[in-house]
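Accompanying notes for the structure given below.
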């Protein structure tokens, strides 16, 4: 009986030691993860200024490599991929449409967002053709929670203007949701032009005009309001 008790006691002490080591290992692993994961995330996460620099760099690279007019379709496709990866285009599309967004069905909303991306793509593609080696300087960065603004200056032989990029953090990435040039907001400009068409016709007519590529919007057009 004494031997059985000794054996049982030894077994309990063995398992207690095992449990203790497992507990310490678990705590150590959690502590290690808590120490490593945030640091790794901080290293891999791009800041707002870096996000804007990367987006601008990609756009200029496309312009340089695909400047030949015969490659315009490829250039537009590449620009669309940049918009889909670096721009919060769903939010831009929604705010550009304004109150009319609430009148659309889910199917119509998806169609409109797709058309908006194409419209933005074509506007950027047309504007980029005018690029002639202007230099962009990154002046400052301001952050407030999940929002940020990156102030830049574009200088060239025919241009000297300030552009503020507004970004939002989503899933660890900074996405552009608006840009302001000399006080004129891109989203506000689109909203004013869309509202005018909807007021004179309808939202369906607006989408039809985008589809038919008969709608030419002006970037950074001041609404005057």
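Here the calculated FRET efficiency for residue 127 and residue 99, from their Cβ-Cβ distance with R0 = 35 Å, stands at 0.80, rounded to the nearest 0.05.
Listed from fewest to most Cβ neighbours within 10 Å, the set 146, 161 follows the order 146, 161.
Residue separation of residue 72 and residue 111 scaled by 0.36 nm, minus their Cα-Cα distance, works out to 11.7 nm of gained length. With 0.36 nm allotted per residue and the present C-alpha distance subtracted, the residue 136-residue 160 stretch has 7.7 nm of extension available. As a proxy for reagent exposure, 117, 176, 155 were ordered by neighbouring Cβ count within 10 angstrom, fewest first; the result is 155, 117, 176. The stretch between residue 200 and residue 81 holds 39.5 nm of extra length on full extension. This uses 0.36 nm per residue minus the Cα-Cα distance.
Working value for segment 114-219: equivalent-ellipsoid semi-axes of 27, 19, 12 Å, each the square root of 5 times a Cα gyration tensor eigenvalue, largest first. Counting every other Cβ atom within 10 Å of each residue's Cβ, 153, 135, 127 order from fewest to most as 135, 127, 153. Oblate is the label for segment 106-149. Its Cα gyration tensor axes, ordered a ≥ b ≥ c, give a/c of at least 1.5 and b/c at or above a/b.
None of the figures in this text is laboratory data; all of them are computed from the coordinates on show. Bear in mind that the values here come from a model prediction, so they are computed numbers and not experimental data. Ideal geometry is used to build each Cβ from the backbone, glycine not excepted, and the neighbour counts take in all protein chains shown.
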